[in-house]
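Step one of this worksheet: look at the structure below.
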Amino acid sequence: MKITALNGFKDIVPGEVELWQRVETAARTIFSRFSFSEIRMPILEKTELFSRSIGESTDIVEKEMYTFVDKQITMRPEATASLLRAYIQHGLHVQKPIQRLFTIGPMFRHERPQKGRLRQFHQMDVEVIGAQNPRVDAELMAMGALLLEELGLTVSLELNSLGCPACRPDFRQALLAFLEDRHEALCDDCKRRCTSNPLRVLDCKNPSCRTLVEEAPSIQEHLCQGCSDHFGVVQEGLQQLGVPYSLNKFMVRGLDYYTRTTFEFITGDLGAQAAVGAGGRYDGLIEQLGGPKVPGIGFALGMERLVLLLQQQEGEEVAEGESDLFVAGLGEVATNFVFPLVHALRRKGLQVATDYEGRSLKSQMKQANKAGAKWVLIIGDTELEEGQAVLRDMQSQEQEKIRIGTGVDALLSLLLQAFEKKKISLEQ
Ligand code: HAM
């Protein structure tokens with residue numbers, strides 16, 4: 001019987017991996033324009049790191065973590081907690097008062113797998129640690145928007161503020177008072193949430209809860225002066241940077257560490273998995289994890305969802321890696337000559353493909369096409385005896401004879417000359 005990958009775990013195969021590379025390259029380019037440095041953390045962490053940061057009563061910690069119970073270790077369900085753990089452990093705040101860090105890699109959550117929702121998924125996560133200024137919040141969202149724009153994706157930005165430990169209890173009270181009268185109409189999960197985490201009732205997906213909370217008090221109207229001023233400048237900043245956004249008073253996020261600014265990049269093209277990225281400010285979290293008293297803000301983009309959007313936009317067929325040259329050897333002597341030649345050409349930096357099975361010219365030309373070769377060098381036993389080979393331009397279908405037989409180095413320089421000539425003549 002065949003062994004297949006686990007449910008919710010996926011291979012990324014050639015034809016698709018090219019899109020992943022494109023997403024990652026675009027992200028690295030944009031992140032470096034905004035002065036972010038890369039950091040890489042291990043996949044396994046102590047379980048307590050996540051229960052202390054994400055929150056004991058969140059879905060992630062309650063139901064979705066891959067935890068080895070006998071060892072008290074967990075496969076990271078997100079990057080923020082691990083990144084902050086590393087920041088604290090290495091005393092990065094001492095080196096620079098503001099750290100701008102990014103990381104790219106797999107995360108693990110035991111969720112019900114569906115399109116755009118996996119158990120092993122990948123995030124591109126950025127964090128700015130040490131900056132309190134609301135302009136940083138606006139700039140970070142602008143960076144996310146710019147990256148999505150560079151990828152050619154149309155995504156909207158939704159914004160909220162969750163206040164701080166000073167004003168949130170007041171809002172929590174107002175919300176609880178509102179929910180108390182309507183308790184019977186809530187779904188079972190929300191009935192439970194009223195005691196554990198009432199804010200989560202606001203983003204329940206159950207249609208009857210959704211209608212019910214429409215009239216609920218808005219957190220934006222319960223912000224203290226500090227949070228309200230901060231939220232105002234964030235919005236001004238977004239306007240200054242020309243980033244469109246809309247306010248969403250129901251967005252509370254599924255992780256407990258947020259304070260003030262929270263946001264999500266939303267698409268209408270992926271059904272229920274509408275968030276391609278999300279983040280926010282977490283001003284108390286670093287201290288809570290045993291670090292210095294510094295604020296932070298960040299977001300993560302879900303790579304599977306970005307790739308799905310690109311596939312929908314461009315069709316499933318994506319060109320696989322191309323080769324500069326395919327070398328076709330015909331006959332035993334020629335094949336023997338081709339083997340070290342291909343290696344020598346690769347050492348010189350050319351992308352070279354070849355056949356290893358002594359196939360016919362027709363079949364090798366097919367392989368050359370599949371490999372996306374720009375040129376094919378055809379070497380047969382007879383040609384080799386005459387010191388010649390044929391170089392074929394796959395685009396124009398033109399062929400020319402080139403001299404070989406004076407050793408690999410001489411042939412190499414002849415080939416490079418021929419490519420150069422072609423490039424020049426193509427440009428003309
Ligand atoms: P999150 O909202 O849990 O936030 O995840 C961020 C993004 O990761 C989501 O918007 C989605 O695109 C993607 N994602 C999450 N779960 C899955 C899944 N099961 N399958 C596929 N994609 C998924 C965080 O993780 C925070 N750490 C973000 C953050 C960074 N906040 C501050 N800094």
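Is it the case that some residue within region 192-209 is touching a residue at least 24 places away in the same chain (Cβ under 8 Å), more than 30 Å from residue 291 (Cα to Cα), open to solvent by less than 40 Å² (accessible area, probe 1.4 Å) and out of contact with any Cys (no Cβ under 8 Å at 6 or more places or on another chain)? Yes, region 192-209 has at least one match. Looking across region 378-400, the residues that are closer than 19 Å to residue 332 by Cβ and either touching a Leu at 6+ places or on another chain (Cβ under 6 Å) or not assigned by TED's automatic domain parsing to the domain that holds residue 329 (or both) come down to 380, 389. Would you mind stating whether residue 299 is in the same structural domain as residue 60 (by TED's automatic domain parsing), open to solvent by 20 Å² or more (accessible area, probe 1.4 Å), outside any helix (DSSP H, G or I) and of a type in the set (Phe, Trp, Tyr)? Taking the combined requirement at face value, the residue does not satisfy it. Does residue 48 meet the test of being at pLDDT 95 or above, of a type in the set (D, E, K, R) and surrounded by fewer than 16 Cβ atoms within 10 Å (Cβ to Cβ)? Criteria met by residue 48. Among the residues of region 358-380, just one is charged (D, E, K, R) and either in contact with an Asp or Glu (Cβ under 7 Å, 6 or more places away or on another chain) or open to solvent by less than 20 Å² (accessible area, probe 1.4 Å) (or both), namely 374.
Can residue 348 be described as open to solvent by 40 Å² or more (accessible area, probe 1.4 Å) and without any contact (Cβ under 8 Å) to a residue 60 or more places away in the chain?
Numbers: open to solvent by 40 Å² or more (accessible area, probe 1.4 Å): yes; without any contact (Cβ under 8 Å) to a residue 60 or more places away in the chain: no.
For residue 348, the condition - open to solvent by 40 Å² or more (accessible area, probe 1.4 Å) and without any contact (Cβ under 8 Å) to a residue 60 or more places away in the chain - is not met.
Table: residues versus (1) open to solvent by 60 Å² or more (accessible area, probe 1.4 Å); (2) in contact (Cβ under 8 Å) with a residue 40 or more places away in the chain; (3) in a strand (DSSP E or B); (4) within 16 Å of the ligand (Cβ to nearest atom).
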{"site": "100", "(1), (2), (3), (4)": "no, yes, yes, yes"}
{"site": "107", "(1), (2), (3), (4)": "no, no, yes, yes"}
{"site": "132", "(1), (2), (3), (4)": "yes, yes, no, yes"}
{"site": "137", "(1), (2), (3), (4)": "no, yes, no, yes"}
{"site": "152", "(1), (2), (3), (4)": "no, yes, no, no"}
{"site": "157", "(1), (2), (3), (4)": "no, yes, yes, yes"}
{"site": "165", "(1), (2), (3), (4)": "yes, yes, no, no"}
{"site": "184", "(1), (2), (3), (4)": "yes, no, no, no"}
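The values are calculated or read from the model by the stated rules, or taken from the named source; none is laboratory data. If you're wondering where the values come from, they're calculated on a predicted model, not measured in any experiment. Please note: Cβ atoms are built from the backbone with ideal geometry, for glycine as well, and neighbour counts cover all protein chains shown. Surface areas here come from the heavy atoms of the whole protein model, side chains and all, with no ligands, DNA or RNA. Shrake-Rupley method; radii C 1.70, N 1.55, O 1.52, S 1.80 Å.
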